[in-house]
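Undergrad: One structure, as structure tokens, below. Some questions next.
The values are calculated or read from the model by the stated rules, or taken from the named source; none is laboratory data. If you're wondering where the values come from, they're calculated on a predicted model, not measured in any experiment. Quick reminder, even Gly has a Cβ in these numbers, built from the backbone with ideal geometry, and neighbours come from all protein chains shown.
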Amino acid sequence: MTDTMTIDKSAIRDAATIIVLRDRAHEPSVLMGQRGAKAAFMPNKFVFPGGAVDPEDAQVPFAEPLSPLCASRLIDDSPADRASALAAAAIRELWEETGQILGQPGDWRDAPPDNWRDFAAKGHLPNAAPLQFVFRAITPPGRPRRFDARFFLLDADDLASDPDDFSEASDELAHLQWIALDKVRGFDLPFITEVVLAEVAARAADPHPPASVPFFRNDDEESLFLRLHGRPLRD
């Protein structure tokens, strides 16, 4: 468990980012898109799908839940009720920004409005089981927006949709594409994305969870690079 430090949480929103990895054993590539030139956060940068947690994400039912290991690491230095909402946000953002579905066939009649209702209309329930928590980072002070972002790794084989079909995607990310890991540094990337990609590249061929999760923690006084090992889950 990490040491307790003072951070102004009121200025920081919980967020989830999802790294979809394709053909990891042979020619691994990741799904990315470009943010708009007028975006308030990271304009023009190539990024993974992701965004802030919405209140409705905490009530989303899963076809299968997060693994206990993943859930325990998500609540290390976080509230115990945050894990499911973060997983749901990752699945929702993937759907919104790319049109890709991480789910299992199922009837979801009372889905929240907007994008969750559109997701449910595809005949699927969200599936958190394939998600692997691999990185956490808090945006440094002085940025126009700050996020406490959790990064999830997902194997493209676990998608319920065609990985080359982006017809259901919103217009939030342009130039959606699969980018080979050995070519990705030629794109305009945020610093933290480069750091996360190095972690992904180092273990692309290993499907097992990492021994611990890196945590790049920025507060108003210093930046720390910590490791999250998890803490016990309670009923």
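Undergrad: Can you pull out every residue in the range 154-171 that is under 16 Å from the mean Cα position of the chain (by Cα), touching a residue at least 60 places away in the same chain (Cβ under 8 Å) and either within 20 Å of Ala37 (Cβ to Cβ) or part of a helix (DSSP H, G or I) (or both)? Before the answer, list the steps.
TA: As a first pass, look at the range 154-171 and keep what is under 16 Å from the mean Cα position of the chain (by Cα): 154-156, 158-159.
After this cut, where a residue has to be touching a residue at least 60 places away in the same chain (Cβ under 8 Å) as well, the list is 154-156, 159.
Ala156 - this is the single residue of the range 154-171 that is under 16 Å from the mean Cα position of the chain (by Cα), touching a residue at least 60 places away in the same chain (Cβ under 8 Å) and either within 20 Å of Ala37 (Cβ to Cβ) or part of a helix (DSSP H, G or I) (or both).
Undergrad: A follow-up question, please. From (1) of a type in the set (Gly, Ala, Ser); (2) in contact with a helix residue (DSSP H, G or I) (Cβ under 9 Å, 6 or more places away or on another chain); (3) over 20 Å from Arg150 (Cβ atoms); (4) surrounded by fewer than 19 Cβ atoms within 10 Å (Cβ to Cβ), pick out the condition that doesn't hold for Ser78.
TA: For Ser78, the exception is condition (3).
Undergrad: Against the definition (touching a Gly at 6+ places or on another chain (Cβ under 7 Å) and not charged (D, E, K, R)), how does Leu125 come out, yes or no? So that I can check it myself, show each step before the final result.
TA: On the way: touching a Gly at 6+ places or on another chain (Cβ under 7 Å): yes; not charged (D, E, K, R): yes.
Taking the combined requirement at face value, the residue satisfies it.
Undergrad: Let me ask you something else. Sort out for me the strands (runs of 3 or more DSSP E) sitting completely within the range 7-78 that have 1 or more residues that are acidic (Asp, Glu) and within 30 Å of Asp107 (Cβ to Cβ). Walk me through it before giving the result.
TA: On the way: elements: 12-22, 29-35, 50-52.
Where strands (runs of 3 or more DSSP E) fall fully within the range 7-78 and carry at least 1 residues being acidic (Asp, Glu) and within 30 Å of Asp107 (Cβ to Cβ), they are 12-22.
Undergrad: Can you tell me which residue among Leu189, Leu197 is over 15 Å from the mean Cα position of the chain (by Cα), at pLDDT 95 or above and surrounded by 14 or more Cβ atoms within 10 Å (Cβ to Cβ)?
TA: Leu189
Undergrad: Something else about it: Of these, Ala120, Ala85, Ala129, which one is of a type in the set (Gly, Ala, Ser) and in a loop (DSSP other than H, G, I, E, B)? Break it down into steps so the answer makes sense when it comes.
TA: Numbers: Ala120 fails: in a loop (DSSP other than H, G, I, E, B); Ala85 fails: in a loop (DSSP other than H, G, I, E, B).
Exactly one residue qualifies, and that residue is Ala129.
Undergrad: Among the candidates Ala169, Ala204, single out the residue that is closer than 26 Å to Gly99 by Cβ, surrounded by 17 or more Cβ atoms within 10 Å (Cβ to Cβ), at pLDDT below 95 and of a type in the set (A, V, I, L, M). Steps first, answer last, please.
TA: Values: Ala169 fails: at pLDDT below 95.
Sole residue among the options that is closer than 26 Å to Gly99 by Cβ, surrounded by 17 or more Cβ atoms within 10 Å (Cβ to Cβ), at pLDDT below 95 and of a type in the set (A, V, I, L, M): Ala204.
Undergrad: Got a sec? Which of Ile101, Ile91 is crowded, with 16+ Cβ neighbours inside 10 Å, within 23 Å of Asp158 (Cβ to Cβ), among the β-branched types (Val, Ile, Thr) and under 13 Å from the mean Cα position of the chain (by Cα)?
TA: Ile91
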